[in-house]
1. State the number of residues belonging to region 79-125 that are assigned to a loop (DSSP other than H, G, I, E, B), charged (D, E, K, R) and more than 16 Å from ligand 2 (Cβ to nearest atom).
2. Within region 189-200, can one find any residue that is under 14 Å from A49 (Cα atoms) and within 10 Å of ligand 2 (Cβ to nearest atom)?
3. Answer yes or no: is there a residue in region 50-58 that is of a type outside the set (A, V, I, L, M, F, W, C), more than 16 Å from ligand 2 (Cβ to nearest atom) and either farther than 16 Å from H22 by Cβ or out of contact with any Ser or Thr (no Cβ under 6 Å at 6 or more places or on another chain) (or both).
4. Can we say T105 is of a type outside the set (D, E) and farther than 20 Å from V202 by Cα?
5. With the condition kept exactly as written, say whether any residue in region 62-74 is buried (at least 17 other Cβ atoms within 10 Å of the Cβ), of a type in the set (V, I, T) and more than 16 Å from ligand 2 (Cβ to nearest atom).
6. List the helices (runs of 4 or more DSSP H) inside region 1-64, counting only whole elements, that have at least 3 residues being at pLDDT below 95.
Amino acid sequence: MTLQALIFDVDGTLADTERDGHRVAFNAAFREFGLDWNWDVSLYGELLAITGGKERMRYYVEKFNTSYQQPADFNDLVVALHKAKTRHYTELLQQGGIPMRTGTTRLIQEARDAGLRLAIATTTTPENVTALLKYSLADDANDWFEVIAAGDIVPAKKPAADIYIWALQQMGLSAQDCFAFEDSENGIKSSLGAGIKTLVTVNDYTLTHDFTGATAVVSDMGEPDASPQIMCGSLHGQPCVNLAAIRAWHAAN
Ligand code: XBP
Ligand code: MG
C-alpha cells in the first residue's frame, strides 16, 4: 500500500517543549495562584508518566503532595490553573522560546512538497499546538495540517489509542496508509494501539522508555549532513530521517 499521510506527536517530537516550556508554564501558573508548588526538572520527569496537564496536576496532588488540603472546588481550581498555564505557555512560544527539533522542519517541508497529507495527534491543547506551529515552524503552518487531533477531543488521552483513531477517522484513512512519529512510551503505545507504524525520536526525558514495537528508534530526525544516532533499526542507507527512509519503513513487513 502507498504511504498517504504522516501523523506527528507534538511535545518532545516536534520540539523539546516539556522541560523549558510546559514545566515553566505550570510553575508560573502555580505562582500566579499563590500556590507554593514547584515542579523541578527531575520531579517533572516523574510527572510525565501522566499525559495531559489537568490530569498531571491531579496526579501530583495525589502522589507527590499528599499534605495539600484539596479545597471543595478542587476540580474548578485545576481547570483555572490549566487555563493560566496555557496562557503562560503560549506567551513563551510567542517570544520564540522553543525551537523545532533537528530535522523536523525539513521533513515536514519534504512531505508537503511530495503531496503527503499531514496530521497532528497530541494530548496537549489545540491552542498550544497552534502557537508552536505559528511561532516555531511558520506563520501559516497551522494550515499545513489537515487534522489537528488535540487535548480533550477524546476523553482517554495517550497511552490510549483514541486520539490516533480519531485522527484516522477525520482523514478517512486506515492505519496502513499512515506513518507516525513519537518520542515517548505513552505516545508509542497510543500510535501502535491504533495500528500505525511509528518512528521514535528520543529526548532526555524518554531515553530509558520501553519502545517495543517501534519501527526504529533514533536520537532525532537528523539532517543530510548531520546523521542521527540510531538506537534501534536502520535508516535504510539514508543519511537522516527523510521521505525515502519513511517510505522504506512503511513498506517493510
Ligand atoms: C504531551 C503531554 C502534555 C503536555 C501538557 O504528551 O504530556 O500533557 O505535557 O499538555 P504527548 P497540556 O507528547 O504524548 O502528546 O497542559 O496542554 O494538557
Ligand atoms: Mg510526546
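The values are calculated or read from the model by the stated rules, or taken from the named source; none is laboratory data. Note that the structure is a prediction, hence the values are computed from the model and not measured. Please note: Cβ atoms are built from the backbone with ideal geometry, for glycine as well, and neighbour counts cover all protein chains shown.
1. Of the residues in that region, 0 qualify.
2. Yes, there is a match, as at least one residue in region 189-200 is under 14 Å from A49 (Cα atoms) and within 10 Å of ligand 2 (Cβ to nearest atom).
3. yes
4. So T105 does not fit the description; no.
5. No; the residues of region 62-74 include none that is buried (at least 17 other Cβ atoms within 10 Å of the Cβ), of a type in the set (V, I, T) and more than 16 Å from ligand 2 (Cβ to nearest atom).
6. Helices (runs of 4 or more DSSP H) meeting the threshold: none at all.
Yes or no, residue by residue, for (1) in contact with a Gly (Cβ under 9 Å, 6 or more places away or on another chain); (2) not hydrophobic (A, V, I, L, M, F, W, C):
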{"position": "G34", "(1), (2)": "no, yes"}
{"position": "G45", "(1), (2)": "no, yes"}
{"position": "F64", "(1), (2)": "no, no"}
{"position": "K85", "(1), (2)": "yes, yes"}
{"position": "A111", "(1), (2)": "no, no"}
{"position": "A121", "(1), (2)": "yes, no"}
{"position": "K134", "(1), (2)": "no, yes"}
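Residues checked against (1) more than 11 Å from ligand 1 (Cβ to nearest atom); (2) exposed (fewer than 13 other Cβ atoms within 10 Å of the Cβ); (3) closer than 30 Å to H250 by Cα:
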site	(1), (2), (3)
R23	no, no, no
G34	yes, yes, no
S42	yes, yes, no
E55	no, no, no
K85	no, no, no
L107	yes, no, yes
L116	yes, no, yes
